[in-house]
1. Does the range 118-166 hold any residues that are among the basic types (Lys, Arg) and more than 25 Å from the chain's Cα centre (by Cα), and which are they?
2. Is there a residue being out of contact with any Ser or Thr (no Cβ under 8 Å at 6 or more places or on another chain) and within 17 Å of Ile227 (Cβ to Cβ) anywhere in the range 83-100?
3. Leu51: surrounded by 14 or more Cβ atoms within 10 Å (Cβ to Cβ), closer than 30 Å to Ile129 by Cα and assigned by TED's automatic domain parsing to the domain that holds Tyr159, yes or no?
4. Hey, can you tell me all the residues within the range 75-97 that are surrounded by 13 or more Cβ atoms within 10 Å (Cβ to Cβ) and in contact with a helix residue (DSSP H, G or I) (Cβ under 6 Å, 6 or more places away or on another chain)?
5. Would the range 229-248 turn up any residue that is within 30 Å of Arg64 (Cβ to Cβ) and either of a type in the set (Ser, Thr, Tyr) or modelled with pLDDT under 85 (or both)?
6. Looking at (1) modelled with pLDDT under 65; (2) in contact with a Lys or Arg (Cβ under 9 Å, 6 or more places away or on another chain), find the lone condition where Leu2 falls short.
Amino acid sequence: MLGFLSGIIAGVFLYLAVRVVLAGFFTVQQNERAVLSSFGRAERIEGRTSLDSPVSEHLNEEQRERYRYPMLRVIGPGGPYFKWPWQRVHKVDVAIQTVNAAFDPEVPSANHNNTMLDAVTKDQLNIGIRGQLRYKVSQDNLYAYLFGVRHPIAHVMGYFVSVLRERIATFEAQQVGQDPDTVEAPAIEGISINDLRKNLNEVNLEMDRECRSSAARYGVVLDASLITGMDPPEEIESALAAINTAHNEVSAAVSLARATADQKIEQSKRAVEIETMRARAEVEPLLRLSEQLAELKKRGGEALAAYLRKIEIDLLSRAKRIISEVRS
């Protein structure tokens, strides 16, 4: 009986030992990072927080107090590594992911089945937004990603959408300073979707700037946003197209008139230059003659008289008829 009990105990210990050994080893793939937790507490780097990392440089003073997370000891790619039964391995994929800008991980039917995001412009026009979003998990702030929020991707997407909608609702195209005498094509007033479509790159850059703090907030780096299209409601699309067509025609007419005016101005400048050169060509011999006469006068009256006599003989030789004054 004692031997039987000893065998059972030995078998249990052997089973537990094998289970611990076999289940205790793990590996980390190249695109993964891992964190170990003991009884629910992750291994931390003492004395360091996320504020010591570059991910927090875009936070203001109020946000720095709110988003202060401990720095965790991160296990890099490789292995095999060993863990005890009371420890748990938390693996995260740090590769760049691409999702639709309208993606909602919690409600698949939201945003037109995750295909188009609704937003309202400053002139109360409902538009549909299409685009993509690239993100990756920040290994410098894994605590925020693993333990800061319940569903970090859903949280980050909600943050991105709220920032995008706020930007769409308040967007105004920058007015570039111009010469008051310059004729410009009239702008389409009150239709902000035209400004948004012409400035998609500016909207994307603004979104990148606004989302720089996401790594410090939620442990997710919004790598880039690419808004590719903005569609007005179907009921006003034809009217908007007609307005844009009329505006393009006016712009083309203004551009043509400006080109014609510029051409005429250039022709006038060339005509003035030609007439100026002709006038100089006529004046130049007279100036030379004046200089020669002044030089002859300096040499004496006889030289000037001889010069005038030579000129008079030359003129008389070429004249066909001479009218002479008869003195009584």
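1. Arg150
2. Taking every residue of the range 83-100 in turn, at least one turns out to be out of contact with any Ser or Thr (no Cβ under 8 Å at 6 or more places or on another chain) and within 17 Å of Ile227 (Cβ to Cβ).
3. Answer is no for this residue.
4. Scanning the range 75-97 gives Lys83, His90, Val94.
5. no
6. (2)
The values are calculated or read from the model by the stated rules, or taken from the named source; none is laboratory data. If you're wondering where the values come from, they're calculated on a predicted model, not measured in any experiment. Glycine also receives a Cβ, built like all others from the backbone with ideal geometry; neighbour counts cover every protein chain displayed.
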